[in-house]
Amino acid sequence: MKILFKNANILDVDTMTLSLGSVVVENDIIKYVGKDVPLSSYGQVIDCEQNILMPGFVDAHCHSAMTLLRGVGDDKTLQSWQEVVNPMEDSLAKDDVYWGTKLAVLEYLANGITSIEEGYFVNDEIIKAVEESGLRARIGFGPTTRDYKGSLEDFLQSQLDLFKDVDSNRIKPCVFVHSIYVTNTEEIEKCVDFSAKHNLPMSIHLSETLEEVGNCTVQNGGLTPPQYLESLGFFDRKTLCYHCVNMDKDDLQILADYNANICTCPSSNIKLASGIAPVYAMQNKGINITIGTDGASSNNCLDMFKEMFLVATLSKVSIKDASVVHAEDVLKMATINGANALGFNCGEIKVGKKADIIVVDIHCPHMYPHDNLISSLVYSARGSDVKLTMVDGKILYKDGKYTNENIDLIYKKVNEIRERLKR
């Protein structure tokens, strides 16, 4: 089907400019971007009423089913938080993960998130939920997955086999090594070998806390977490490193040398008192920086507008310089940088790109006046300003209503699960 978006303020993430015009989507691809309204027959015409039409957000690090644990372990550091959360996770049934992921999907779509990188367990249930939702996702699997038993090589292969029949343009696999404090040296080396054999990218939580860094240096002859992983060949693959809060210039140089991607998760890092990622230093090293929400138990909401605001403002206060990390930089982190890190052909409103599009309302008090809407997207906008979310050319959310999701059933199921977990 051919869809016309007209009268839209179209965001160009290359130039960081807005221009009034039209966008034509045919099936799953953007076919036209410009000032005119092309003469054609359209299955649907959407008047954007001069609202912002932009690429959907790429949430480069999340644990979707942790929506079931929202509010659990609040006001604790990462280690004490894990002591509360982990036993509840152990009690989750297979289909609990499915319903928790479905709840997260509602939040992603309502907040304009069109792509995610997922790292959790019971991946067959996650894949099922994502397939049904229409969302775009890179889904990680590895030895920290709860259902890992027996030979690691056999387990990794069984997990990769789950992706055989999925739409590979929309759902992709990656090897997920949870962290160096959960995964041992032999397991990491086997993951690296499996990744190389199957040409898969790799992801990891890295240098999230000072405790992690200190323990690593004590246990590995003074090597910091990036140095330790480098010694294991981890960065020889295409990698995405989550958090990276406690890194010095030498650590960052390692990631830069290997063209590693970083995902900063500011809400989670400050809520757990892990620290503030050195985003400005990462920029100066030329590292591709992305943004993630992390899970809803350590955030506690899945809103990229909130994350963008924090990436910009925490960077300024951490080095006492309000001129660093501009709104334009942060918008790229949340869109095209994330798409590039995850290997998806989206993140821009350009001909030939996948039609992952959102429309953001500018006709609300906190978005006036309209003379600097780029700034307003980062410093003023809210998730509730998203009027429409399209993924792969399909409208999945519009004006508060979902196309594919039974909201009442999802709410009923997650409430039942949470009540059971509390017993």
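The values are calculated or read from the model by the stated rules, or taken from the named source; none is laboratory data. Computed from a predicted model, the values in this text were never measured in an experiment. So basically every Cβ, Gly included, is an ideal-geometry build from the backbone, and we count neighbours across all protein chains shown.
One table, with the values for the structure above:
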item	result
Cβ-Cβ under 6 Å pairs, at least 6 apart or on other chains, segment 412-423 side surrounded by fewer than 18 Cβ atoms within 10 Å (Cβ to Cβ), far side assigned to a helix (DSSP H, G or I)	Leu421/Met88
Residue within segment 13-28 that is more than 18 Å from Lys354 (Cβ to Cβ), touching a residue at least 24 places away in the same chain (Cβ under 8 Å), assigned by TED's automatic domain parsing to the domain that holds Glu117 and not in a strand (DSSP E or B) present	no
Count - residues of segment 101-129 that are buried (at least 24 other Cβ atoms within 10 Å of the Cβ), β-branched (Val, Ile, Thr) and either outside the structural domain of Val72 (by TED's automatic domain parsing) or farther than 21 Å from Asp385 by Cα (or both)	2
Given (1) more than 23 Å from Leu20 (Cα to Cα); (2) in contact (Cβ under 8 Å) with a residue 40 or more places away in the chain, number of the condition Asn406 does not satisfy	(2)
Residue ID - surrounded by the most Cβ atoms within 10 Å (Cβ to Cβ), chosen from residues in segment 19-73 that are farther than 30 Å from Asp167 by Cα and of a type in the set (Lys, Arg)	Arg70
Which listed residue is in the same structural domain as Ile116 (by TED's automatic domain parsing) and under 18 Å from Ser151 (Cβ atoms), from Val213, Val182, Val177	Val177
Number of the condition not met by Tyr148 [criteria: (1) within 19 Å of the chain's Cα centre (by Cα); (2) surrounded by fewer than 24 Cβ atoms within 10 Å (Cβ to Cβ); (3) among the aromatic types (Phe, Trp, Tyr)]	(1)
Complete set of residues in segment 176-211 that are touching a residue at least 60 places away in the same chain (Cβ under 8 Å) and in contact with a strand residue (DSSP E or B) (Cβ under 7 Å, 6 or more places away or on another chain)	Pro201, Ser203, Glu208
In segment 269-287, residue farthest from Leu377 (Cα to Cα) [restricted to those that are of a type in the set (S, T, N, Q) and assigned to a helix (DSSP H, G or I)]	Asn284
Sole exception among (1) closer than 20 Å to Val391 by Cβ; (2) over 14 Å from the mean Cα position of the chain (by Cα) for Leu342, by number	(2)
Qualifying residues in segment 292-318 (those that are more than 24 Å from Ile358 (Cα to Cα) and in contact with a Leu (Cβ under 9 Å, 6 or more places away or on another chain)) - the one surrounded by the fewest Cβ atoms within 10 Å (Cβ to Cβ)	Ser297
Residue satisfying all of: in segment 75-100; surrounded by fewer than 16 Cβ atoms within 10 Å (Cβ to Cβ) and of a type in the set (Val, Ile, Thr); farthest from Ser298 (Cα to Cα) among these	Val84
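Residues checked against (1) assigned to a helix (DSSP H, G or I); (2) among the β-branched types (Val, Ile, Thr):
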site	(1), (2)
Ile254	yes, yes
Ser267	yes, no
Ile289	no, yes
Ser297	no, no
